[in-house]
1. Would you calculate, for the chain, the mean residue ellipticity at 222 nm contributed by helices, counting each DSSP H stretch of 4 or more residues as -39,500 (n - 2.57) and dividing by all residues, to the nearest 500?
2. Considering every pair of different Cα atoms, what Kirkwood radius, in Å, is found for the chain?
3. Could you pull out which residues in the range 47-64 have an amide N less than 19 Å from a spot 7 Å beyond the Cα of H106, following the Cα-Cβ vector?
Amino acid sequence: MKIINLTPHAITFLDGNNSVLATIEPSGTIARASQTREAVGEVNGIVVNQCSYGSVTGLPDPQDGTIYLVSALTAQACPGRSDVYIVDDAVRNESGQIIGCRAIAHI
């Protein structure tokens with residue numbers, strides 16, 4: 001199976017012992033969902049926006065034997081795509097920084 005990373009970051013997959021299984025480098029194309037926001041209020045002087053997400057750009061048409069890794073927000077904007085995945089089960093170091101993940105998932 002071919003995995004194409006449509007995020008701006010390398011994605012590292014780790015096994016149960018935190019050994020690297022694979023690192024998927026960014027493809028150079030970023031899939032994004034369009035976003036609109038409207039100010040709907042204020043809390044302690046901080047603007048509260050109502051956000052909505054629309055069409056996705058940068059996502060290629062489905063290809064046999066290929067899956068695409070995208071952000072969770074982008075995946076939510078195209079729920080009918082069985083070839084679109086997000087990273088799942090993040091692994092953090094002792095400082096709390098994400099160092100990889102153990103799985104992929106559908107939204």
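Values in this text are rule-based calculations from the coordinates and carry no lab data. Since the structure is predicted, the reported quantities are computational estimates derived from the model, not experimental observations. Note: ideal-geometry Cβ built from the backbone for every residue, glycine included; neighbour counts use all protein chains shown.
1. Here the helix-only value at 222 nm equals -1000 deg cm²/dmol.
2. It works out to 15.5 Å.
3. Of the residues in the range 47-64, 60-64 have backbone N under 19 Å from the label point off H106.
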